[in-house]
Every structure is written in structure tokens, then in C-alpha cells.
Amino acid sequence: MDSRGWLDDEDGKAYFNKTRDLKAQDPEEFTTFCAEYCFDGEEAFSLEGNNKFNKILIAE
């Protein structure tokens with residue numbers, strides 16, 4: 001990271017991949033980490049929370 005707070009994309013991905021490798025031993029922790037620090041939309045929505053919204057009504 002430079003003085004402006006900018007981080008090279010490749011360096012950032014390498015850091016998170018190293019952390020993911022450490023968390024891969026525990027599937028639940030790995031899934032949570034990947035959802036919180038996601039690389040794409042699929043990972044972002046990999047966890048489905050318990051919410052009070054009516055999913056069927058929202059889908060209509």
C-alpha cells in the first residue's frame with residue numbers, strides 16, 4: 001500500500017488468497033471469509049442469511 005492508501009490489485013489478491021488457504025481447513029469459516037472478502041458476486045451471495053423478508057413476494 002502506498003502513502004495514498006492505494007493497493008495493487010495483484011498484491012491484494014495474493015494477500016487474500018494466502019488467508020483463504022489458511023482458512024480452507026474449516027469449511028464454514030472459509031465460506032464466511034469468502035463471502036465477506038469476495039472476488040465476485042457469486043462469493044458475495046454464497047451465504048444466505050436468516051431474514052424476515054418474504055422472498056417469494058420480493059421475487060414477484
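Give the stretch 7-55 a look and list any residue that's at pLDDT below 85, outside any helix (DSSP H, G or I) and open to solvent by 70 Å² or more (accessible area, probe 1.4 Å), or say none.
Of everything in the stretch 7-55, those that are at pLDDT below 85, outside any helix (DSSP H, G or I) and open to solvent by 70 Å² or more (accessible area, probe 1.4 Å) turn out to be L7, F45, L47, E48, N50, N51, K52, F53, N54.
Just checking, how many residues over the stretch 1-22 are in contact with a helix residue (DSSP H, G or I) (Cβ under 8 Å, 6 or more places away or on another chain) and charged (D, E, K, R)?
Looking only at that region, the number is 1.
The values are calculated or read from the model by the stated rules, or taken from the named source; none is laboratory data. Just so it is clear, the model here is predicted, and its values are computed rather than measured. When we count neighbours, we look across all protein chains shown, and the Cβ atoms used for this are built from the backbone with ideal geometry, even at glycine. Ligands, DNA and RNA are stripped out before the accessible areas are found, and what is left, the full protein with its side chains, is counted by its heavy atoms. Shrake-Rupley method; radii C 1.70, N 1.55, O 1.52, S 1.80 Å.
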